[in-house]
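None of the figures in this text is laboratory data; all of them are computed from the coordinates on show. These figures come from a predicted structure and were not determined experimentally. Note that we place each Cβ from the backbone using ideal geometry, even for glycine, and neighbour counts take in every protein chain shown.
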Amino acid sequence: MLERSKFLPVWVYVSLVTNGLLLGAFALFLARQQGFWSDFQASASTPQVTSPSPSPDAGIRHHLTYEQWVALLQREAGVAAVTKPRRLSILLGDSLSLWFPPNLLPDGRTWLNQGISGETSAGLLERLRFLDRANPETIFLMIGINDLLRGMEDEALLRNEQQIIGYLKSVHPQTQIVIQSILPHAGQRATWEGRSRLKNIPNSRIRKLNRELIALANREGIYYLELHPLFTDGEGNLRPELTTDGLHLSLQGYWVWRSAVLMFTQTELEKHRFQNDPPIIGG
């Protein structure tokens, strides 16, 4: 508890503490944007998130709890709200978004990664408020695979997706909102530790859900980025060269994703940048 100083009023100390915290968060935000996150992680003993490793679990030496991740992303969102970076673009999602290498994200934008490993649609919905004061030009959303792994029914997942979109549209009416398709998994070839649960999620079900997401995007008047076909083999499973374990992406997988985002940005988002008329998407 602060005590009143004989020389300086209490508000001076409060201001110093507040500014110090803000500067620290801003430095962390810049480090992530400039690709220096891994160096910071090594010195601070926190997990590396700039690039995927051959094995996601083995590549991270230290783990933050979900609550710690939420607190960290809340601080970074707060910095973005204060600093108002140019052409702010936000990644919303789970570990697939979390491990997107910053150096592969398209240039000309300031990227804020708000992905958390293991995130669900309900968890994401709860923390959207962190972005209320931010002014993003574009939001890229990918969520759903963890809901399926936890046994959520398709209808419940789609309701959550609709609530997420509705919230973002209400709070950020001028923002280009892009919902991205749920990616396939490798099926029987998966080596991920939870692969037994993948057997209960046929890729045909994911394809059906993606058709529902296309319809949702059309109803809500937002963008849809179709990624699923880029990642599938002849059997409809995740291509082995694009994954580390049958669920998470390899560096090559992120190159495919980057190419899709870059092309979509150039051909769709830039064309409609000053309009609020995303095209109707065919199913």
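Only residues of segment 145-168 count here: report those whose backbone N is under 20 Å from the spot 7 Å along Cα→Cβ of LEU64, or say none. Within reach of a label on LEU64, which here means backbone N under 20 Å from a point 7 Å along Cα→Cβ, segment 145-168 contributes 146.
Shape class of segment 176-251 from the alpha-carbon gyration tensor: prolate, with a/c at 1.5 or above and a/b greater than b/c. Anisotropy class assigned to segment 60-178 is oblate, per the alpha carbon gyration tensor with a/c at or over the 1.5 cut-off and a/b no larger than b/c. Placing a label point 7 Å from the Cα of GLN163 along the Cα-to-Cβ direction, the residues of segment 92-115 whose backbone N falls under 19 Å of that point are 92-94. Annotation: amide H of ASN113 within the under-5 Å range of LEU91, sequence separation 5 or more or interchain, hydrogens built in the peptide plane.
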